[in-house]
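The values are calculated or read from the model by the stated rules, or taken from the named source; none is laboratory data. This is a predicted model, so every value here is computed, not measured. Cβ atoms come from the backbone with ideal geometry, glycine included; neighbour counts cover every protein chain shown.
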Amino acid sequence: MTTSQFFISAWSGNPWVIAGCAAALLMGGARFRPPTAWLLLATAVFFVTLCSPLDALADGYLFSAHMLQHLLLLLIVPLLILLGWSGRTAPQDLENGRWRWANWILRPPVATWLMGVGGMWLWHAPTLCNAAGSNVWVHHLQSASLLGMGLAFWWPIIGPRTGQRLAPPAGMIYLFTACLGCTLLGIIITFSPVEVCSIYLHPLDRLGILPLIQDQWGLTPAKDQQLGGLLMWVPACLIYFFGILGLLVRWYREPGPESAPAAATQPTLIEKPHGL
Amino acid sequence: MSVTVSTAPAVATPPTEVKLRGPYGWVATVDHKRIGILYLLTTLFFFLVGGVEALLMRIQLARPNNTFISPDAFGQLFTMHGTTMIFLVVMPTLIGLANYLVPLMIGARDMAFPRLNALGFWMLPFGGFLLHYSLLAGGAPAVGWFSYAPLSETAYAATAGTDYWGLALLVIGIGSVAASINLIATILTLRAPGLTLRRLPLFVWMVFINSFLVILALPFLNAAIVMLFIDRHLGTHFFVPAHGGSAVMWQHFFWAFGHPEVYIMVLPAFGIISEIVPVFARRPIFGYEFVAGSTVAIALLSFGVWAHHMFAVGLGHPMDMFFSATSLLIAVPTGIKVFAWSATLWGGSIRLTTAMLFAVAFLIQFTIGGLSGITFAVVPIDWQVTGTYYLVAHFHYVLFGGTFFAVLAAVYYWFPKMSGRMLSEKLGKLNFWMAVIGFNTAFFVQHFLGLMGMPRRVYTYADLPGWGLLNLISTLGAFLLGLSVLILLWNIIISLRRGRLAGDNPWQAWTLEWAATSPPPQQNFDRVPPINSRRPLWDLAHPENPDPAVGGRRSRDGFVLEKNRVGMVTFLVSESCFFLMLILAWLFYNSRAMTGPSPAGTLNAHKTGMYTICLLTSSAAIWLAEKQLRAGRHGWFRGLLGLTILLGGIFIFGQGREYLRIYHQGIVVSSNLFTTTFFTLTGFHGLHVCVGLILLLLLMRLSLAGDFKPGRIEAVKSISLYWHFVDAVWIVVFSVVYLKLLL
């Protein structure tokens, strides 16, 4: 099989994903008419993540493809969803409706931070990583949980309820520490001499693409893991990095967090008491 | 003009100090201005030392096959020049300038911790002394400022020089971290009313960001040096490949520090330029937000690009690819700055004072250095030129043509404030032209030498076509540069005696330091002007046309921080980075197959687990103790504090017994990489527990002396924070070292 043949043929019509995409579009369309470009983009990325050849590769062949999927689900898709949401009316359900309990989870930034960063660490424990790579139901659970944890993670940064957002300086610390978290994991995976996910060591060649991957693309298991670690380390951090820059823009734009008594506007001198 | 009495003066508690006269007054001072000047004088001295070392090397290199200096002496000069210039000159000069200027620019009376400030400074001459003491102890270090392992291991560098190199860097590093903690606490907690973070002068903002780089990056170096030291003195093999260690790890550790270090040496220089260019172009800086924001971007990216120093090591294509991309990316925020400065100049009414001339030269030379820097991000080019003089030319354009020209601009700009007298402009212009011609002559030709293939770090070279001539030109340029430094010295000496009196604000500048007298009084300000914008003195002089108030009329940031807490938290952040390196070393070395003792056969996880519970309980005890103290129940406080000390003591006793038991099995730190990393990691944690216990005992003594009257419990809060940190580190250490054995 050649590269182009593989990329044309390896699309799958996963009914769960298609149903999810359709539901997102219908719900989004019902709430916001017309659905925003962000929402369409989020749906498209979600579909590509789970139905394209990327998914075929992540399914037991390439650790790095799995990592890319992981990053898209945890960091990109939720970000796009929330970007589509911001500027719209805040969901009343969260205020006092039947989703009120979600507020308890989304309010403390420590909890959302732990979900965002912990999600990454948790699913790379060798046992869980192997389980997700070999059992389709664990894989679905992983995808769903990553999406949910990603939404929670971004909530205090660009959530629709502006009152619940972190102040920009605190938000920058939130994202910077998250970046440290994923850097660390990335470094450990990149430099680890042992396999993090042993199932990728000897892939079961269901599609007959192993020669393509290992010989033509030159992706040996060792290189593959290094690539995966680097994906977690560098591009993931760049996402946080651009988040921090976004917060800086917001910080310099907004008028000010509190209405403390303003300093005198005419050129008076403020005298300091002597002899402190 | 009405006079309002400020209700919340942002001043440090001034140390109870009468102005001491004479030399003793300078030695005993805790005044940030005097300490700042001491920094600058010390670095000037070391600059002359490092400069002479450079000139000696240039004489040796002036012609091919020269025998002026022996290869070994060249190696020593080469190492001392690099180490001196980076750790004893550039970094402390910038810290010294920040020390002098930051409190003045934010309208504060002194730094947040004046005594810590003095400590930080005295670490510098001490470190310098240690480094040069090596000359008496068997020869200076000859391993390069990067001290690449395994060449810096005992087998290849047997003299004590390398040890003094490490000790000196540790001492200086502690001083730099102390200064940075102090700067962060000062900037966060002592700003005058109205000076919100978004109105900070750019120099202060960049020093602020830079201080975070220092506290995060320096521990990487310290951890690496500690490991090298253990290798050299306890016979271990962290960095000896022949015994299972990894020499490449040294490079990772070193450059994980080394690349942020590049920005540590250049960010404050950016700040200087951002102050000087607007004043002499008579326009506010173009795009303040972009200059400030790009600083944050540079600081963040600087941690993710270090591997470009290691492309030639052979890290593999995936690593090269990603680090090439990030290294190219970091050029963007740097470029934004250059554009902002250029746009500030555009259409301004430029006054070409000496300070401005140096700033403009900075702009051009730094851009050249930056552009040649981008070429190193491209892997194939890097492979070709990384070992050549092209690289020498590149980093001298950044550090000398960039940072040092900015420092000279700062000297000409702020000397009037520090001394009360103007430097001579005539000598200044002479100084400038000689420096600019000398510098470019010395270093521009090195680009060609490098591209022609002349290797760097060599004591001599073969007589190949063109090499001799270009090297001679370079040497002549270096001497012209040296001459320009003498002119600067002469200018300083005569201007101190006969210079024109400066007055408060000789340049009609806009930031707060120019509102104080020149030199400023000990308390800096009697009155701080009102601050509504980024240029308070402009507003004062032009009440009819003030700058727009940044952030509306809000005069405060949305948060209030307490300085002791800020100091302790930043210190602990720095400590975390140190432990992070030790933990990563543990993970890396223990994931590889090795012979000799293994964790399962050596460690007693159950017993240690018990002692761990003691340590964790002690955290709860001190938390309760703090609560009791806040409620004013001193007896309860002492009881719980005693319990904390007892529990901490039990833990350290348990660790001691475990060590002893292991030792009796004949297992020592040098047995294999497991024992090396185990003893290093738990040993450093134990050391921290001991320090914590001493601090807790001190608290007990203070409490018995009745020191914690209500409302004065910052010391308890800070030390309990430290104790929680020690426990938190142990949780991580226990998880990575022991948990696997329990499961």
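Which members of the range B:610-635 meet the condition of being assigned to a helix (DSSP H, G or I) and over 20 Å from residue B:718 (Cβ atoms)?
Initially, the range B:610-635 is screened for residues assigned to a helix (DSSP H, G or I), giving B:610-630, B:634-635.
Hits for the range B:610-635 are B:610, B:611, B:612, B:613, B:614, B:616, B:617, B:635.
Which residues, taken from the range B:531-568, are within 17 Å of residue B:515 (Cα to Cα) and among the hydroxyl-bearing types (Ser, Thr, Tyr)?
Of everything in the range B:531-568, just one residue is within 17 Å of residue B:515 (Cα to Cα) and among the hydroxyl-bearing types (Ser, Thr, Tyr), namely B:533.
Can you name every residue in the range B:352-371 that is of a type in the set (Ser, Thr, Tyr), crowded, with 20+ Cβ neighbours inside 10 Å and part of a helix (DSSP H, G or I)? Give the steps one after another, and end with the answer.
Narrowing the range B:352-371 to residues of a type in the set (Ser, Thr, Tyr): B:353-354, B:367.
So of that shortlist, the ones also crowded, with 20+ Cβ neighbours inside 10 Å come out as B:353-354.
Of everything in the range B:352-371, just one residue is of a type in the set (Ser, Thr, Tyr), crowded, with 20+ Cβ neighbours inside 10 Å and part of a helix (DSSP H, G or I), namely B:354.
Condition (residue is assigned to a helix (DSSP H, G or I) and under 19 Å from residue A:82 (Cβ atoms)) applied to the range A:124-139: is it met by at least one residue? Before the answer, list the steps.
The first filter runs over the range A:124-139 and keeps only residues assigned to a helix (DSSP H, G or I), leaving A:126-134, A:136-139.
Cutting the leftovers down to under 19 Å from residue A:82 (Cβ atoms) gives us none.
No - not one qualifying residue is present in the range A:124-139.
Yes or no, residue by residue, for (1) of a type outside the set (S, T, N, Q); (2) surrounded by fewer than 16 Cβ atoms within 10 Å (Cβ to Cβ); (3) assigned to a helix (DSSP H, G or I); (4) in contact with a Gly (Cβ under 8 Å, 6 or more places away or on another chain):
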{"site": "A:19", "(1), (2), (3), (4)": "yes, yes, yes, no"}
{"site": "A:24", "(1), (2), (3), (4)": "yes, no, yes, no"}
{"site": "A:27", "(1), (2), (3), (4)": "yes, yes, yes, no"}
{"site": "A:75", "(1), (2), (3), (4)": "yes, no, yes, yes"}
{"site": "A:83", "(1), (2), (3), (4)": "yes, no, yes, no"}
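Can residue B:423 be described as surrounded by 20 or more Cβ atoms within 10 Å (Cβ to Cβ), of a type in the set (A, V, I, L, M) and in a loop (DSSP other than H, G, I, E, B)?
Working: surrounded by 20 or more Cβ atoms within 10 Å (Cβ to Cβ): yes; of a type in the set (A, V, I, L, M): yes; in a loop (DSSP other than H, G, I, E, B): yes.
Criteria met by residue B:423.
Of the residues B:338, B:392, B:378, only one is surrounded by fewer than 20 Cβ atoms within 10 Å (Cβ to Cβ) and touching a Lys or Arg at 6+ places or on another chain (Cβ under 8 Å); which?
Details: B:338 fails: touching a Lys or Arg at 6+ places or on another chain (Cβ under 8 Å); B:378 fails: touching a Lys or Arg at 6+ places or on another chain (Cβ under 8 Å).
On inspection, the qualifying residue turns out to be B:392.
Do the conditions hold for residue B:560, that is, is it within 14 Å of another protein chain (Cβ to nearest Cβ), more than 22 Å from residue A:193 (Cβ to Cβ), surrounded by 14 or more Cβ atoms within 10 Å (Cβ to Cβ) and hydrophobic (A, V, I, L, M, F, W, C)?
Working: within 14 Å of another protein chain (Cβ to nearest Cβ): yes; more than 22 Å from residue A:193 (Cβ to Cβ): yes; surrounded by 14 or more Cβ atoms within 10 Å (Cβ to Cβ): no; hydrophobic (A, V, I, L, M, F, W, C): yes.
No; evaluated as a whole, the condition is false for this residue.
Evaluate the following for residue B:242: is it more than 10 Å from every other protein chain (Cβ to nearest Cβ) and either touching a residue at least 12 places away in the same chain (Cβ under 8 Å) or surrounded by fewer than 20 Cβ atoms within 10 Å (Cβ to Cβ) (or both)?
Values: more than 10 Å from every other protein chain (Cβ to nearest Cβ): yes; either touching a residue at least 12 places away in the same chain (Cβ under 8 Å) or surrounded by fewer than 20 Cβ atoms within 10 Å (Cβ to Cβ) (or both): yes.
Here the answer is yes, as residue B:242 does meet what is asked.
Which one of B:30, B:89 is within 21 Å of residue B:126 (Cα to Cα), at pLDDT below 95 and not aromatic (Phe, Trp, Tyr)? Break it down stepwise before answering.
On the way: B:89 fails: at pLDDT below 95.
That would be B:30, the only listed residue that is within 21 Å of residue B:126 (Cα to Cα), at pLDDT below 95 and not aromatic (Phe, Trp, Tyr).
Just the residues that are surrounded by 23 or more Cβ atoms within 10 Å (Cβ to Cβ), under 21 Å from residue A:245 (Cβ atoms) and more than 14 Å from chain A (Cβ to nearest Cβ), please, taken from the range B:265-296.
Scanning the range B:265-296 gives B:266, B:267, B:270, B:271, B:274.
State all residues of the range A:196-216 that are in contact (Cβ under 8 Å) with a residue 24 or more places away in the chain, assigned to a loop (DSSP other than H, G, I, E, B) and either of a type in the set (A, V, I, L, M, F, W, C) or within 11 Å of another protein chain (Cβ to nearest Cβ) (or both); if no residue qualifies, say none.
Residues satisfying the conditions are A:196, A:197, A:204, A:207, A:209.
Among the residues of the range B:297-335, write down those that are within 12 Å of chain A (Cβ to nearest Cβ), in a helix (DSSP H, G or I) and surrounded by fewer than 18 Cβ atoms within 10 Å (Cβ to Cβ). If you could, list the steps in order and put the result at the bottom.
Within the range B:297-335, the first condition is being within 12 Å of chain A (Cβ to nearest Cβ), and the residues that meet it are B:297-307, B:315-327, B:329-330, B:332-333.
Checking the rest, the ones that are also in a helix (DSSP H, G or I) come to B:297-304, B:306-307, B:317-327, B:329, B:332-333.
Scanning the range B:297-335 gives B:317, B:321, B:325, B:329, B:332.
Considering only the range B:586-623, state which residues are within 14 Å of chain A (Cβ to nearest Cβ) and touching a Phe, Trp or Tyr at 6+ places or on another chain (Cβ under 7 Å). Full working, then the answer.
From the range B:586-623, those within 14 Å of chain A (Cβ to nearest Cβ) are B:586-594; that's our starting set.
Matches in the range B:586-623: B:588, B:590, B:594.
Would you be able to say whether some residue in the range B:456-467 is assigned by TED's automatic domain parsing to the domain that holds residue B:397, crowded, with 20+ Cβ neighbours inside 10 Å and either within 30 Å of the chain's Cα centre (by Cα) or hydrophobic (A, V, I, L, M, F, W, C) (or both)? Quick ask: steps written out before the conclusion?
At the first step, the residues of the range B:456-467 found to be assigned by TED's automatic domain parsing to the domain that holds residue B:397 are B:456-467.
Within this subset, residues satisfying the condition of being crowded, with 20+ Cβ neighbours inside 10 Å are B:467.
Then drop every residue that is not either within 30 Å of the chain's Cα centre (by Cα) or hydrophobic (A, V, I, L, M, F, W, C) (or both), which leaves B:467.
Yes, the range B:456-467 contains a residue that is assigned by TED's automatic domain parsing to the domain that holds residue B:397, crowded, with 20+ Cβ neighbours inside 10 Å and either within 30 Å of the chain's Cα centre (by Cα) or hydrophobic (A, V, I, L, M, F, W, C) (or both).
Does residue B:630 satisfy being among the basic types (Lys, Arg), surrounded by 14 or more Cβ atoms within 10 Å (Cβ to Cβ) and more than 30 Å from residue B:597 (Cα to Cα)?
Working: among the basic types (Lys, Arg): yes; surrounded by 14 or more Cβ atoms within 10 Å (Cβ to Cβ): yes; more than 30 Å from residue B:597 (Cα to Cα): yes.
Yes, satisfied.
To keep it simple, each residue is scored yes or no on (1) assigned to a helix (DSSP H, G or I); (2) under 26 Å from residue B:115 (Cα atoms).
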residue: B:179; (1), (2): yes, yes
residue: B:187; (1), (2): yes, yes
residue: B:203; (1), (2): yes, yes
residue: B:225; (1), (2): yes, no
residue: B:231; (1), (2): yes, no
residue: B:239; (1), (2): no, no
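Quick check: is even one residue across the range B:89-97 in contact with a helix residue (DSSP H, G or I) (Cβ under 9 Å, 6 or more places away or on another chain), surrounded by fewer than 24 Cβ atoms within 10 Å (Cβ to Cβ) and more than 14 Å from chain A (Cβ to nearest Cβ)? Talk me through it step by step, then tell me what you get.
Looking only at the range B:89-97, we keep the residues that are in contact with a helix residue (DSSP H, G or I) (Cβ under 9 Å, 6 or more places away or on another chain), and these are B:89-97.
With surrounded by fewer than 24 Cβ atoms within 10 Å (Cβ to Cβ) added as a condition, the list becomes none.
No, that holds for no residue.
Output yes when any residue across the range B:160-177 is in a loop (DSSP other than H, G, I, E, B) and either in contact (Cβ under 8 Å) with a residue 60 or more places away in the chain or assigned by TED's automatic domain parsing to the domain that holds residue B:219 (or both), and no when none is.
yes
Does residue A:227 satisfy being away from every other protein chain (no Cβ under 11 Å), at pLDDT 85 or above, surrounded by 13 or more Cβ atoms within 10 Å (Cβ to Cβ) and in a helix (DSSP H, G or I)? Spell out how you get there, then give the answer.
Working: away from every other protein chain (no Cβ under 11 Å): no; at pLDDT 85 or above: yes; surrounded by 13 or more Cβ atoms within 10 Å (Cβ to Cβ): yes; in a helix (DSSP H, G or I): yes.
No.
Residues that are away from chain A (no Cβ under 14 Å), in contact (Cβ under 8 Å) with a residue 24 or more places away in the chain and under 30 Å from residue A:227 (Cα atoms): does the range B:338-348 have at least one?
Looking through the range B:338-348, none of the residues is away from chain A (no Cβ under 14 Å), in contact (Cβ under 8 Å) with a residue 24 or more places away in the chain and under 30 Å from residue A:227 (Cα atoms).
Filter the range B:51-66 down to residues that are within 13 Å of residue B:459 (Cβ to Cβ) and aliphatic (A, V, I, L, M), then give me how many there are.
Number satisfying all stated conditions: 5.
Quick test for you: out of A:184, A:166, pick the one residue that is within 14 Å of chain B (Cβ to nearest Cβ) and assigned to a loop (DSSP other than H, G, I, E, B). Steps first, please.
Details: A:184 fails: assigned to a loop (DSSP other than H, G, I, E, B).
Answer to the check: A:166.
Could you tell me how many of the residues in the range A:136-186 are touching a Leu at 6+ places or on another chain (Cβ under 7 Å) and of a type in the set (Val, Ile, Thr)?
Qualifying residue count, the range A:136-186: 2.
Report those helices (runs of 4 or more DSSP H) wholly inside the range B:639-743 carrying at least 1 residues which are among the aliphatic types (A, V, I, L, M) and crowded, with 20+ Cβ neighbours inside 10 Å. Before you say what the answer is, go through the steps one by one.
Details: elements: B:673-704, B:714-737, B:739-742.
In the range B:639-743, B:673-704, B:714-737 are the helices (runs of 4 or more DSSP H) which contain 1 or more residues that are among the aliphatic types (A, V, I, L, M) and crowded, with 20+ Cβ neighbours inside 10 Å.
Go through the residues of the range B:14-22 one by one and say whether even a single one is in contact with a helix residue (DSSP H, G or I) (Cβ under 7 Å, 6 or more places away or on another chain) and either modelled with pLDDT of 95 or more or not in a loop (DSSP other than H, G, I, E, B) (or both).
Checked the range B:14-22: no residue is in contact with a helix residue (DSSP H, G or I) (Cβ under 7 Å, 6 or more places away or on another chain) and either modelled with pLDDT of 95 or more or not in a loop (DSSP other than H, G, I, E, B) (or both).
Does residue A:219 satisfy being buried (at least 16 other Cβ atoms within 10 Å of the Cβ), touching a residue at least 12 places away in the same chain (Cβ under 8 Å), within 14 Å of chain B (Cβ to nearest Cβ) and touching a Ser or Thr at 6+ places or on another chain (Cβ under 9 Å)? Explain how you work it out, then say what you get.
Working: buried (at least 16 other Cβ atoms within 10 Å of the Cβ): yes; touching a residue at least 12 places away in the same chain (Cβ under 8 Å): yes; within 14 Å of chain B (Cβ to nearest Cβ): yes; touching a Ser or Thr at 6+ places or on another chain (Cβ under 9 Å): yes.
When the stated conditions are applied, residue A:219 passes them.
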